[in-house]
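The values are calculated or read from the model by the stated rules, or taken from the named source; none is laboratory data. Bear in mind the structure is a predicted one, so any value in this text is a computation, not a measurement. Don't worry about glycine lacking a Cβ; one is built from the backbone with ideal geometry, like all the others, and counts go over all protein chains shown. Please note that ligands, DNA and RNA were not included when accessible areas were found on the heavy atoms of the full protein model with its side chains. Shrake-Rupley method; radii C 1.70, N 1.55, O 1.52, S 1.80 Å.
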Amino acid sequence: MINTPHSDLAGMQLVRNPHGRLVLTLGDGTVYTAVVPVRAFPIAAPTEGLSLIAVDGKEALWVARMDDLQPAHRQLIEEDLAAREFVPTIERILKVSSFSTPSTWDLQTDRGVTQMVLKAEEDIRKLAGRTKLQITGQDGVQFRIPDTHQLDRASRKLLERFL
């Protein structure tokens, strides 16, 4: 008999224990004392395809769409994911050291002011046409721009030089 992961959300419970770990109880009473949420498609479809992985590394529960979760369960999962997924959002590009790569970018992000070194233009990944971008800095930190149209004019002008 093949042990397949559960995908039935009926009757499931999800709580955080005193140690900060997520405890999953399935509708059939099976308890997983420490599960870790993992997105199947973190960039292309962050709210679709989520797996709750048990301590033994096996999938305890498959969630096709996060919208199918109870709001309290979804909040717990999103808090856990946010703690592990560090992807600052670029709000403004303050300046760039040069228009050739590598170049140092001074950025205003949702996490504060920072610098990023862009090694090559290929490190700017277009996710949805030219409006949704993911930029990887030299140190491996990924930054996102959800919509380039929301950037101020000066930031868009600087960014256009690299696209």
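Would you mind calculating the gained length between residue 47 and residue 134 on full extension (0.36 nm times residue separation, minus the Cα-Cα distance), in nm to one decimal?
Gain in length upon complete extension: 29.6 nm.
Looking at segment 89-153, which chymotrypsin sites (Phe, Trp or Tyr not before Pro) are in a loop (DSSP not H, G, I, E or B) and have at most 11 other Cβ atoms within 10 Å?
Sparse-neighbourhood loop chymotrypsin sites (Phe, Trp or Tyr not before Pro): 99.
From Cα pairs below 8 angstrom and at least 6 apart in sequence, can you work out the relative contact order of segment 12-163, rounded to a whole percent?
Computed over segment 12-163, the figure is 13 percent.
Amide H neighbours of residue 125 under 5 Å, at least 5 residues apart or on other chains, H built in the peptide plane: list them.
134, 135, 136
Kindly write out, for segment 117-126 in residue order, the coupling ³J(HN,Hα) from the Karplus curve 6.51 cos²θ - 1.76 cosθ + 1.60 (θ = phi - 60°), rounded to whole Hz, with x marking Gly and Pro.
Computed from phi, the couplings for segment 117-126 are 9, 8, 6, 8, 4, 5, 7, 9, 9, 8 Hz.
Counting each DSSP H run of 4 or more residues in the chain as -39500 (n - 2.57), what helix-only mean residue ellipticity at 222 nm follows after dividing by all residues, to the nearest 500 deg cm²/dmol?
The helix contribution divided over the chain gives -4000 deg cm²/dmol.
Return the FRET efficiency for the residue pair residue 117, residue 21: r is the Cβ-Cβ distance, R0 is 35 Å, and the value is rounded to the nearest 0.05.
0.45
Counting C-alpha atoms alone, how compact is segment 15-163: give Rg to one decimal and Dmax as a whole number, in angstrom.
Expressed in Å, the Cα Rg and Dmax of segment 15-163 come to 18.8, 60.
Would you please give the residues with an amide H less than 5 Å from that of residue 60, counting only those at least 5 places away or on a separate chain, with H modeled from the backbone geometry?
For residue 60, whose amide H was placed from the backbone, the distant partners under 5 Å are 52, 53, 54.
Under a 5 Å amide H to amide H cut-off, with H placed in plane at 1.01 Å, what residues pair with residue 12 once short-range neighbours are removed?
27
Going 7 Å from the Cα of residue 79 in the Cα-to-Cβ direction, what parts of segment 23-46 have a backbone nitrogen less than 13 Å from that spot?
Only 23 pass the distance filter.
Which whole-Hz couplings ³J(HN,Hα) result when phi for each residue of segment 83-100 is put into the Karplus expression 6.51 cos²θ - 1.76 cosθ + 1.60, θ = phi - 60°, listed in order with x for Gly and Pro?
5, 9, 9, 9, 9, x, 9, 6, 9, 8, 9, 6, 6, 10, 6, 7, 9, 10
Any idea what the dipole of the chain comes to, in debye rounded to 20, about its Cα centre with Lys/Arg Cβ at +1 and Asp/Glu Cβ at -1?
620
Got a sec to turn the phi values of segment 67-72 into Karplus ³J(HN,Hα) couplings, 6.51 cos²θ - 1.76 cosθ + 1.60 with θ = phi - 60°, whole Hz, x for Gly and Pro?
Whole-Hz 3J(HN,Hα) from phi for segment 67-72: 5, 6, 7, 5, x, 5.
Measuring with a 1.4 Å probe in the full set of protein chains, what accessible area per residue, in whole Å², belongs to the chain? Working shown, then result.
Working: 9790 Å² over 163 residues.
Normalised by residue count, the accessible surface of the chain is 60 Å².
Treating each Cα of segment 23-77 as an identical point scatterer and ignoring solvent, apply the Debye formula and state log10 I(q)/I(0) at q = 0.13, 0.17, 0.23, 0.32 Å⁻¹.
-0.30, -0.52, -0.92, -1.37
For the chain, with all protein chains present and a 1.4 Å probe, just round the carbon and sulfur fraction of the accessible area to a whole percent.
50
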